[in-house]
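What follows is a set of notes on a single structure, which appears directly below.
The values are calculated or read from the model by the stated rules, or taken from the named source; none is laboratory data. A quick note: this is a predicted structure, and the numbers were derived from the prediction, not measured. Cβ: placed from backbone, ideal geometry, glycine included. Neighbour counts: every protein chain shown. When the accessible area is computed, the model is the full protein with side chains, heavy atoms only, and any ligands, DNA or RNA have been set aside. Shrake-Rupley method; radii C 1.70, N 1.55, O 1.52, S 1.80 Å.
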Amino acid sequence: MGYEASCALTIDGKRFEGTALLEHRDLVFRGPLRLVIPLAAISRAQAEGPILQVTFGDRDASFDIGAPAARWASRITNPPSRARKLGIKPDMLVAVLGVDDAALPDEIATCGAVMTRRTPSRSRPAHVIFYGAPRRDALRRVKELASLIRPDGAIWIVRPKGVKTITEAETMAAGKRAGLVDVKVVSFSDSHTAEKFVIPVSRRQTAVSAPGRRRLSR
């Protein structure tokens, strides 16, 4: 997303050279000083030329990040929804299968997408599938789901964090067996992680044999 920059941080009257990162939930500085500012704790964020000024608690910090300062300030004060960060766009068909998240349907609707809890079909493949996998045996279904997304679609496998019933390595292996490639790992919620899988570009076929239907080259 481009929210990483070499910068100088000024805080508590001291200046440090390092790297700033604007992450999903935190504004982070890495250098001689390690600083993590939760976005929820920031009460003010504004750009003054190349300087990003933030206030959190009773402290002020200035990040000299250059031209992107205004974009960073806007991102902090007007954060995109989780669904939009996960690639949901207007008019998409989004299948939510086995994911128990009360906020997700409203987030998808706010993006202008259509949500279904039914398994997509080959005649009407999904743009995105969110698939809940609480245990490793749930990964057996990934190959089936890989045939039910559009050529440019994606499967997000949502699994619980820090459990032994399913691991990142097992999830990645399941995607590979299904002929997919992993392109992103994100924190889906406080309790769950999500891995994004897509069809390799070399196997996508833009031509369709029927409306809404796709076929993979072999």
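Observations on the structure shown:
- For region 86-199, the normalised intensity computed at q = 0.14, 0.19 Å⁻¹ comes to -0.50, -0.95 (log10 of I(q)/I(0), Debye sum over alpha carbons, equal scatterers, no solvent).
- Accessible solvent surface per residue of region 89-218, calculated while the other protein chains remain in place, 1.4 angstrom probe, Å²: 55
- Share of carbon and sulfur in the accessible heavy-atom surface of region 44-193 [1.4 Å probe, %]: 51
- Taking the square roots of five times each eigenvalue of the Cα gyration tensor of the chain, the equivalent ellipsoid has semi-axes of 38, 19, 16 Å, listed largest first.
- Computed label-point distance, nm, for sites A70 and R122 using a 7 Å Cα→Cβ extension: 5.2
- As a calculated quantity, the FRET efficiency between S187 and D100 at R0 = 22 Å, using C-beta atoms, amounts to about 0.85.
- Helix 168-177 and the long axis of the chain differ in direction by around 40°, with both axes built from C-alpha atoms.
- One quarter of the surface of the convex hull around the alpha-carbon atoms of region 1-116 equals 8.4 nm², the direction-averaged projected area.
- Sequence of M115, M92 from largest to smallest accessible area, 1.4 Å probe: M115, M92
- For region 141-169 and region 36-77, distance of Cα centres in Å: 35
- With the convex hull of the Cα atoms taken as the outline of region 102-156, the averaged projected area works out to 4.3 nm².
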